[in-house]
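One structure is given below, encoded as structure tokens.
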Amino acid sequence: MGRLVPDAAGLGDVIVAPATPPGTSALAVVRFSGPHGTTLPVVRRLAPDLPDGLLPREARLTEVVDARGALLDRAILLFFEGPRSSTGEDVVEIHCHGSPAVVRAVIDAAVAAGARPARKGEFTRRALGNGKLDLVEAEGVALLCSSESRARAGRAIGMASGLLSRQVGEIRSAVLDLLAETEAALDFPDDVPIAAPERRTEEILGLLSRLLAGRLVQTGERIPTVAIVGRPNAGKSSLFNALLGADRAIVTAEPGTTRDVIGETAEIRGEALRLYDTAGIRPARSEAERLGVEAAERAAESADLVLEVIDGAVDGGGPEPEGPRADRGSRRIVVESKRDLWGDRRPAREGALAVSVVSGDGLGDLRDEIERALSGVETEGEVALLERHRRALLETDLAVREAAGRSEPELAAADLRRALTALGEITGETATEELLDRIFAGFCLGK
Ligand SMILES: Nc1nc2c(ncn2[C@@H]2O[C@H](COP(=O)(O)OP(=O)(O)OP(=O)(O)O)[C@@H](O)[C@H]2O)c(=O)[nH]1
Ligand SMILES: [Mg+2]
């Protein structure tokens, strides 16, 4: 049967994409989704020995072949029949061996069999279209799949699992009640008590301010950078390794060991950050050292946080580092190293945090300080918001306040409808295609 309108968005296509990241792993998942009855015929061309009566949700070991019938892999295949699937359509997952070559071959074979490579976020967009999740939940999924730290993942899961949507829903139903009362006052001006709307307005504003107190997160949020700097031999590389939990940088008793900037992603108190070890700063004795010192200074200048390491084993804590001393606006924590060598003879220098990588003393406090310096915000029990959500909530707040100040019910009702539109933009009921395009462009492939 021909279509009445051309399917420009490709909604009728069977789409395919890897659902797992590139690189080698034990398993990789290739996922298909298509309208009812379309997915299995495509998949059968890849997996010709699938039985006719394939049951939904039954794991099947099957051979996967290319267009010429050559064996690509033996894999587990799962069929989820719409609407009981992640997208609401007929979904097939092929769990193959986690080799990038196998995954590529399976995708190529799928395309030869009639599937189309999915666009960014296309699976989630189909799920949205089929009412499997709302827009906030879709955004939460995107945030979750780009989360590099536990804390960030924790905030995303609140969004992805519908926590924010439920709270927005609560506000929405309170606004709807208020609107109903306001409209009743329009129709039957004499019957409605005046006091009720005030209490309801208070309730709505209270719910809004609770939500607005939530932490703002950004999609594609850059992870913060932390540079460790100081004089040669101060113990920078030792601290770098200790914070990383791995012996990544070379440590020796010889000053000038580190010549280059070494960057690694670390997790501190659940937050991901990029940690840099740098060359000790002193008048350079060679071209390589000079370049290393310059790179260290650049790293310190561009970092969100600088850990300035002072050698506690040198008399009196040693001279001040000559390098990136001047305050260039980045936050810094002064760390006095090697506490095990001096800690029972004298206190730490003023304003410095004493640590020892040998005894582990002070490392916990340092992690807390780093976390505090980078966030400055308490994270317990908060609801994460995207800037887009915050703007819509502020718009709702304004509209509800304006409604409360009106003496004419017609005008109040118009304000409240504006509030409902703003709330609907958050969960997607009143979101435009343009907004959806913008949001889904930020998704990863295969989501
Ligand atoms: N006892 C003790 N020794 C430490 C501690 N931290 C570092 N050291 C020693 O101090 C020396 C220098 O350590 P590194 O970590 O290489 O110092 P660095 O600042 O990276 O030095 P450069 O790369 O040369 O600038 C090594 O011999 C370490 O074993 C500590 O907490 N306690
Ligand atoms: Mg070093």
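The values are calculated or read from the model by the stated rules, or taken from the named source; none is laboratory data. Every value quoted in this text rests on a predicted model; they were computed, and no experiment measured them. A quick note on method: Cβ atoms are made from the backbone with ideal geometry, for glycine too, and the neighbour counts reach across all protein chains shown.
Some notes on this structure:
- Selection within the range 268-288 - touching a residue at least 24 places away in the same chain (Cβ under 8 Å), touching a helix residue (DSSP H, G or I) at 6+ places or on another chain (Cβ under 6 Å) and surrounded by fewer than 18 Cβ atoms within 10 Å (Cβ to Cβ): R269, G270
- Residues that are in a helix (DSSP H, G or I) and buried (at least 23 other Cβ atoms within 10 Å of the Cβ), drawn from the range 110-124: A110, E122, F123, T124
- Restricting attention to the range 240-273, the residues being closer than 17 Å to I310 by Cα, in contact with a strand residue (DSSP E or B) (Cβ under 8 Å, 6 or more places away or on another chain) and within 9 Å of ligand 2 (Cβ to nearest atom) number 2.
- Annotation note: of G364, G360, the sole residue that is assigned by TED's automatic domain parsing to the domain that holds R332, part of a loop (DSSP other than H, G, I, E, B) and not aliphatic (A, V, I, L, M) is G360.
Residue-by-condition table, conditions (1) in contact with a Gly (Cβ under 7 Å, 6 or more places away or on another chain); (2) polar (S, T, N, Q):
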position: E387; (1), (2): no, no
position: L393; (1), (2): no, no
position: D397; (1), (2): no, no
position: A413; (1), (2): no, no
position: T432; (1), (2): no, yes
position: G442; (1), (2): yes, no
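- Test for N233: is it assigned by TED's automatic domain parsing to the domain that holds S337, within 15 Å of ligand 1 (Cβ to nearest atom), more than 28 Å from the chain's Cα centre (by Cα) and at pLDDT 90 or above: yes
- Candidates T201, T182 - the one that is of a type in the set (V, I, T), at pLDDT below 90, in the same structural domain as L416 (by TED's automatic domain parsing) and surrounded by 18 or more Cβ atoms within 10 Å (Cβ to Cβ): T182
- Considering residues of the range 223-239 that are more than 15 Å from ligand 2 (Cβ to nearest atom) and in a loop (DSSP other than H, G, I, E, B) only, the residue surrounded by the most Cβ atoms within 10 Å (Cβ to Cβ): P224
- Wholly enclosed strands (runs of 3 or more DSSP E) of the range 6-81 bearing at least 1 residues at pLDDT 95 or above, hydrophobic (A, V, I, L, M, F, W, C) and more than 31 Å from the chain's Cα centre (by Cα): 60-65, 71-80
- Take the conditions (1) modelled with pLDDT under 90; (2) crowded, with 19+ Cβ neighbours inside 10 Å; (3) closer than 17 Å to S237 by Cβ; (4) not polar (S, T, N, Q); V355 misses just one of them, which is (1).
- Within the range 274-289, tally of residues that are more than 13 Å from ligand 2 (Cβ to nearest atom) and assigned to a helix (DSSP H, G or I): 2
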